[in-house]
Amino acid sequence: MTGTKAIEDKLKARLAELAQRSDAIEEELRQPLDADFEEQANELEDDDAQTGIDDVIRQEIAQIERALARLDEGVYGECANCGNDIAEKRLEVQPTATLCIDCATAAEAARG
């Protein structure tokens with residue numbers, strides 16, 4: 001597969017960006033609550049939203065780490081279902097893709 005170095009660089013850059021965002025959220029969540037009860041309620045509501053965002057970030061981090069592992073193993077770009085190659089255009093758009101478009105479409109239809 002051509003361009004795996006570019007994809008690896010893109011994945012690593014995104015991983016660094018996400019790790020930085022997650023660290024910033026976690027630091028914010030560790031801050032003590034305000035003494036004012038009304039302000040505490042607002043802060044707790046914000047904390048819930050930040051926790052949800054951090055969960056999504058952590059899921060993407062896990063996907064990127066799995067993609068990087070596939071690169072290291074030499075199986076990046078192979079469909080995890082049928083073993084065929086995943087189109088490079090698909091990987092450019094979704095570098096963490098594990099399924100070719102046919103298998104991804106079939107899986108989506110099955111979930112339905």
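Residues whose amide H falls under 5 Å from that of residue 76, counting only those 5 or more places apart or on a different chain, are 71, with hydrogens built in the peptide plane.
What percentages make up the Cα-Cα pair-distance distribution of region 23-104 when the bins are 5 Å wide from 0? Per 5 Å bin, starting at 0, the Cα pair percentages come out as 3, 13, 17, 15, 10, 8, 9, 8, 7, 5, 3, 1. Amide H to amide H distances under 5 Å link residue 84 with 79, where only residues 5 or more positions off or on other chains count and H is placed in the peptide plane. Could you check the simple spin-label distance between residue 102 and residue 84, using points 7 Å along Cα→Cβ, in nm with one decimal? Those two pseudo-labels are separated by 0.2 nm. Using the rule -39500 (n - 2.57) for each DSSP H run of four or more residues, divided by the residues of the chain, the 222 nm mean residue ellipticity is -24500 deg cm²/dmol.
Applying 0.36 nm per residue to the separation of residue 60 and residue 36 and subtracting their alpha-carbon distance, the gain on full extension is 5.1 nm. Residue-wise HN-Hα couplings along region 65-80, as the Karplus relation 6.51 cos²θ - 1.76 cosθ + 1.60 with θ = phi - 60° gives them from phi, are 4, 5, 5, 5, 5, 4, 4, 4, 7, x, 10, 4, x, 9, 5, 5 Hz; Gly and Pro carry x. Averaging the sequence gap over all C-alpha pairs within less than 8 Å and six or more residues apart, then dividing by the number of residues, gives the chain a relative contact order of 25 percent. For the chain, which whole-number percentage of the solvent-accessible area (1.4 Å probe, protein heavy atoms only) is attributable to carbon and sulfur atoms? The C+S portion of the solvent-accessible surface of the chain is 50 percent.
The values are calculated or read from the model by the stated rules, or taken from the named source; none is laboratory data. Computed from a predicted model, the values in this text were never measured in an experiment. Neighbour counts are summed over all protein chains in view; Cβ atoms, including those assigned to glycine, are modelled from backbone coordinates with ideal geometry. Ligands, DNA and RNA are excluded from the accessible area calculation, which covers all protein heavy atoms including side chains. Shrake-Rupley method; radii C 1.70, N 1.55, O 1.52, S 1.80 Å.
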